[in-house]
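The values are calculated or read from the model by the stated rules, or taken from the named source; none is laboratory data. Please read these numbers as outputs of a predicted model, since none were measured by experiment. Neighbour counts run over all protein chains shown; Cβ positions are idealised from the backbone, glycine included. Heads up: the accessible areas ignore ligands, DNA and RNA and are worked out on the full protein's heavy atoms, side chains in. Shrake-Rupley method; radii C 1.70, N 1.55, O 1.52, S 1.80 Å.
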Amino acid sequence: LARAVDRDWHARGLVHGDLKPGNVLLEQTGIRAFDPLDVPSGEIAAGMTEGWAAPEQVLAQPLTAATDVFALALMVVAALSAVAFGEEHALVVPAAGRGRRRLRMIKHPDVWLDPQLVELPGEARAAWRALLTRCLAFEPARRPQRGAELADQLDELLRRWELPGRLSVACGPGQLEYPVGSRDPIWILQDG
């Protein structure tokens, strides 16, 4: 996914700006993101998805490809059944059409990989934690700068330590639909 985002957005000077599991499609031939905000790098996003947006997007600051790296890292955290934790801060941020609103954010998150859920040697656990913590840094300059850079670092970790088990992906025969009044697609399963 990180390589696809890099190819489809970062290589073109764009930021997807709305990466989250609901905007990812797993196909027989690969994986791709869809429903982007298509923000030119260095510009401010017109919106965001709470819980998946990077700090600079929440604070209405210019976005870069590192903004997408933040969301990609949150997806890796979820896939590993890990937890991002730390001191929570309340922020008052601009809200389109509503003036402002209050949000909570972990300012300097750390990542915990539960040893009961993911069996890894201590060295592997520390390496995953270090990468994911760097990807979730509040300051975009501390993160990998593009999806391809993140993908290379993930590949290196996976080459050194194979992850145990499999991640279930809910899918089946059907089609992607956009419900009336919603920007988020849903997968409609078909019988048979």
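Structural remarks
- Filter result for residue 58 (in contact with a strand residue (DSSP E or B) (Cβ under 9 Å, 6 or more places away or on another chain), among the aliphatic types (A, V, I, L, M) and modelled with pLDDT under 95): yes
- Restricting attention to the range 1-24 and to residues that are of a type in the set (Lys, Arg) and touching a helix residue (DSSP H, G or I) at 6+ places or on another chain (Cβ under 9 Å), the residue that is most open to solvent (accessible area, probe 1.4 Å) turns out to be 7.
- Filtered residues of the range 1-32 (kept if of a type in the set (Gly, Ala, Ser) and at pLDDT 95 or above): 2, 4, 11, 13, 17
- The number of residues in the range 141-153 that are of a type outside the set (S, T, N, Q) and open to solvent by 40 Å² or more (accessible area, probe 1.4 Å) comes to 5.
- Any hit, the range 67-87, residues being exposed (fewer than 14 other Cβ atoms within 10 Å of the Cβ), more than 18 Å from the chain's Cα centre (by Cα) and not in a helix (DSSP H, G or I): yes
- Residue within the range 25-33 that is open to solvent by less than 40 Å² (accessible area, probe 1.4 Å), within 20 Å of residue 60 (Cα to Cα) and in contact (Cβ under 8 Å) with a residue 12 or more places away in the chain present: no
- Every residue from the range 108-121 that is open to solvent by less than 60 Å² (accessible area, probe 1.4 Å) and either among the acidic types (Asp, Glu) or assigned to a helix (DSSP H, G or I) (or both): 110, 114
- Selection over the range 40-66 of residues that are open to solvent by 10 Å² or more (accessible area, probe 1.4 Å), among the charged types (D, E, K, R) and under 21 Å from residue 90 (Cα atoms) gives a count of 1.
- Candidate set: the range 88-104, residues that are of a type in the set (Gly, Ala, Ser), modelled with pLDDT under 90 and in a strand (DSSP E or B); chosen: the one least open to solvent (accessible area, probe 1.4 Å): 95
- Leading residue by the ranking (nearest to residue 70 (Cα to Cα)) among those in the range 12-24 that are among the hydrophobic types (A, V, I, L, M, F, W, C) and in contact (Cβ under 8 Å) with a residue 40 or more places away in the chain: 19
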